[in-house]
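For reference, the structure discussed in these notes is given below.
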Amino acid sequence: MTAAVPAPDSPGSVDVLVIGGGACGALVALHLLDQDGLRVALAEPRHAPARGVAYSTPRAEHLLNVNAARMSAFEGVPDDFLVWLRTQPESAGLDDAALAAQFAPRRVYGRYLQARLDAHGARASLVLHADAVVDLEREGPDFIATFASGARLQARAVVLAIGNPPAALPGGAPALAPVEAWDYEAVAAIAPDADVGIIGAGLSMVDVLLTLQANGHRGRVLAISRNGLMPLAHAPGTVPQPGGVDALMPLGVRARMRMLRQWAADAVAQGRPWQDAVERLRPHVRVLWQAWPDTERRRFLRHAVRQWDIHRHRIAPGVAAIVDDMAAAGVFSLQAGRLSRIEARDGRVAIDWMPRGGTPTTTVVDVMVNATGMEKRLSRAPGRLLPALHARGLVAPGPLDLGLATRGDGEVLDLNGDVVPGLWTLGATRIGDLWETIAMPELRGQAERVAVGVRQALAGC
């Protein structure tokens, strides 16, 4: 296991500081360590690196949303995860087909990433700083990072691998703090008889439902989201529908959605799942997104983004069956509506909301869970680091205020639109430029390309 060491009390120096030790940060570090002699620091407050929010869950019921065959951490070694998974006790008795098709527990995938990091031949060149970076400033050609502890570290290059920051509840902060969906211990501690209100209906809501079900939950569970839609299920044997996406390129939102629906209908007519049509788009999402002017991107965000999300970011069939069973048993209900106010009331939580097509409603629950997902806008970014970087002019909002302004393979642009030499990012921070940028098949490629860019820049210094 990777040993965590405290951030240094006195300024030190490294070649590269990777801020964030989740999956993205760990993958970047792995690729950087392939360069002999490169000194790399990984700043991650969590005790275990490589796991981040998604893969740090201790819960067996939290599964990957992609089957094992597609979850290699390395583009050039497509079966790497399968090879490692075959050595684990969870794989005993599974044949190769079943192993590739399974949706493994996310905690198992976290072990895989950590194992790959620990086993790297240059692991001794990596130092883990178990502290959060709260500020970053230029000092000549280098950067000085300030940690929450007050310690400082000098780096020739910096990679922002900060993951998916949690979004706040709509309407401002409530008087009563909610349970955060990504706080796995707090969710697991919810009493089985408690009435639970969940704000949001995405993948994090599904995680909450799975934990409640695993704990034998008996109280009622109400989820409220603007659209009342939740992720759909994967279909066994899904393969990309043949053909490219050239026909979609000149089309606006409405026309693209019509064509995609036709492709899905064609797949079903041929005896294949509609999911094949969505998989056809996956390698081309970046160019499809960038082909739109801002007017069409805004139209997509207003009218079509939720339909895209539930069809593109799907859940394991077994997970969907559990959620369906909870709904059929009357334990779980999902409603479309808008949140207006949350307040404490006699030791419970009163949620004022407007159901779609209905009248103002108040639902009183014992526990409220924030499952609104990740914060996409720099202007609302939680924590200290991104606001500090924005105040210094080192980062700027990405297109439509989504993520950070970037170019190429993750070079960060400042408030003037110029490249910040030595500063890169990847993952959710690139959503404005790339749109699809949070799943492992996308992240592994980004990590490798960022590492290449960093090495080339340092070699040219």
Residue satisfying all of: in region 145-175; surrounded by fewer than 17 Cβ atoms within 10 Å (Cβ to Cβ) and modelled with pLDDT of 90 or more; nearest to residue 351 (Cα to Cα) among these: 148
Any hit, region 172-187, residues being assigned to a strand (DSSP E or B) and over 30 Å from residue 12 (Cα atoms): yes
Region 25-50 - residue that is assigned to a strand (DSSP E or B) and among the small types (Gly, Ala, Ser) and, of those, nearest to the chain's Cα centre (by Cα): 43
Selection within region 426-450 - farther than 20 Å from residue 55 by Cα and in contact with a strand residue (DSSP E or B) (Cβ under 9 Å, 6 or more places away or on another chain): 430, 431, 432, 433, 434, 435, 450
Residue 362 being touching a strand residue (DSSP E or B) at 6+ places or on another chain (Cβ under 6 Å), outside the structural domain of residue 427 (by TED's automatic domain parsing) and not in a loop (DSSP other than H, G, I, E, B): yes
Segments classed as helices (runs of 4 or more DSSP H), wholly inside region 51-140, with at least 1 members that are within 20 Å of the chain's Cα centre (by Cα) and in contact (Cβ under 8 Å) with a residue 24 or more places away in the chain: 52-55, 80-86, 106-118
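Results for (1) closer than 23 Å to residue 293 by Cα; (2) under 19 Å from the mean Cα position of the chain (by Cα); (3) of a type outside the set (Lys, Arg), shown as yes or no for each residue.
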{"site": "381", "(1), (2), (3)": "no, yes, yes"}
{"site": "389", "(1), (2), (3)": "no, no, yes"}
{"site": "403", "(1), (2), (3)": "yes, yes, yes"}
{"site": "416", "(1), (2), (3)": "yes, no, yes"}
Pair list, Cβ under 8 Å, 6 or more apart: region 190-201 residue in a strand (DSSP E or B), other residue of a type in the set (S, T, N, Q) and surrounded by 17 or more Cβ atoms within 10 Å (Cβ to Cβ): 197/363; 199/225; 199/370; 199/372
Residue check, residue 400 in contact with a Phe, Trp or Tyr (Cβ under 7 Å, 6 or more places away or on another chain) and either outside any helix (DSSP H, G or I) or assigned by TED's automatic domain parsing to the domain that holds residue 18 (or both): no
Filtered residue count, region 365-382, keeping only those that are under 22 Å from residue 435 (Cβ atoms), in contact (Cβ under 8 Å) with a residue 60 or more places away in the chain and part of a strand (DSSP E or B): 1
Flag if residue 428 is more than 22 Å from the chain's Cα centre (by Cα) and either crowded, with 22+ Cβ neighbours inside 10 Å or not in a loop (DSSP other than H, G, I, E, B) (or both): no
Flag if residue 405 is touching a Pro at 6+ places or on another chain (Cβ under 9 Å), outside the structural domain of residue 191 (by TED's automatic domain parsing), farther than 27 Å from residue 183 by Cβ and of a type in the set (A, V, I, L, M): yes
Matching residues, region 365-389, being farther than 11 Å from residue 168 by Cα and among the small types (Gly, Ala, Ser): 379, 383, 388
Residues satisfying the stated conditions in region 344-361, i.e. farther than 17 Å from residue 194 by Cα and either in contact with a helix residue (DSSP H, G or I) (Cβ under 9 Å, 6 or more places away or on another chain) or surrounded by fewer than 17 Cβ atoms within 10 Å (Cβ to Cβ) (or both): 352, 354, 355, 356, 357, 358, 359, 360, 361
Residue list for region 216-236, restricted to those being in a loop (DSSP other than H, G, I, E, B) and closer than 27 Å to residue 362 by Cα: 216, 217, 218, 219, 220, 226, 227, 228, 229, 230, 231
Matching entry among 196, 239 (being at pLDDT below 95 and aliphatic (A, V, I, L, M)): 239
Selection within region 380-395 - touching a helix residue (DSSP H, G or I) at 6+ places or on another chain (Cβ under 6 Å) and either hydroxyl-bearing (Ser, Thr, Tyr) or more than 25 Å from residue 157 (Cβ to Cβ) (or both): none
From the options 312, 338, 297, 345, residue that is under 30 Å from residue 236 (Cβ atoms) and not aliphatic (A, V, I, L, M): 312
Matching residues, region 27-41, being aliphatic (A, V, I, L, M) and more than 12 Å from residue 446 (Cα to Cα): 29, 30, 32, 33, 38, 40, 41
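The values are calculated or read from the model by the stated rules, or taken from the named source; none is laboratory data. Computed from a predicted structure; not experimentally measured. Reconstructed Cβ throughout: ideal geometry from the backbone, glycine too, with neighbour counts over all protein chains shown.
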